[in-house]
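Structure, as structure tokens:
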Amino acid sequence: MIDLVRTDSDNQDFVELVSLLDADLHVRDGDDHSFFAQFNKIIGIRHVVVAYHDRFPVGCGAIKAYTQETAEVKRMFVLPEYRGQGIAGRILQELENWAAELEYKDLILETGKAQPEAIRLYTKSDFKVIPNFGQYENIESSVCMKKAVSLGKVAK
């Protein structure tokens, strides 16, 4: 059974999962890792979801304000041995619901071409590829995506 817990970036389970995520991304991103790492600090993130299997932390994700109307999905990760079970989709859905409750109109995110499973997850969750935004604007290895949300339910 998977339980989803809303928390913040002070949650030690989230901190440990992000450490594993960063190690994975370091391998995938290679020499580009330090560029991306500067945008992935977790201090002060107020909207974090941690997934637990029998009280053991197995996955996480977060949202943070990008603009007044847009939140950015950050730090999505599921332990390798728990992948393929729909956990990431459930975390993402919970983040979308939370964003809608907070009255954000859109969610945006950045992932990398070296993370095809992440791209599949977001595409399956109705995110659409958009032009790269902000610091990712001229980064060829980045893929940016967006999805509209509405208060009370996620827009389809």
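Quick note: the coordinates plus some simple rules give every number you see, no bench work behind them. This is a predicted model, so every value here is computed, not measured. All Cβ positions, glycine included, derive from the backbone under ideal geometry; neighbour counts span all protein chains shown.
Details
- Over all other residues within a Cβ to Cβ distance under 12 Å of Tyr82, the charged ones net out to 0, with Lys and Arg as +1 and Asp and Glu as -1.
- Helix-only arithmetic for the chain: the sum of -39500 (n - 2.57) across DSSP H runs with n ≥ 4, divided by the residue total, places the mean residue ellipticity at 222 nm at -9500 deg cm²/dmol.
- Normalised convex hull volume, the range 88-142, alpha-carbon set, Å³ per residue: 84 Å³
- Global geometry of the chain, whether rounded, prolate or oblate, following the gyration tensor of its Cα atoms and the 1.5 cut on a/c: rounded
- Net dipole in debye of the range 59-110 [+1 Lys, Arg Cβ; -1 Asp, Glu Cβ; about Cα centre; nearest 20]: 220 debye
- Leu20-Glu140 pseudo-label distance in nm [points 7 Å out on the Cα-to-Cβ vector]: 3.4 nm
- Computed magnitude of the charge dipole of the chain (debye, nearest 20; Cβ of K, R +1, Cβ of D, E -1): 500 debye
- Using the Cβ-Cβ distance between Tyr82 and Ala114 with R0 set to 25 Å, the FRET efficiency from 1/(1 + (r/R0)^6) comes to roughly 0.75.
- Where labels lie 7 Å past Cα in the beta-carbon direction, separation of Ile2 and Glu101 in nm: 1.8 nm
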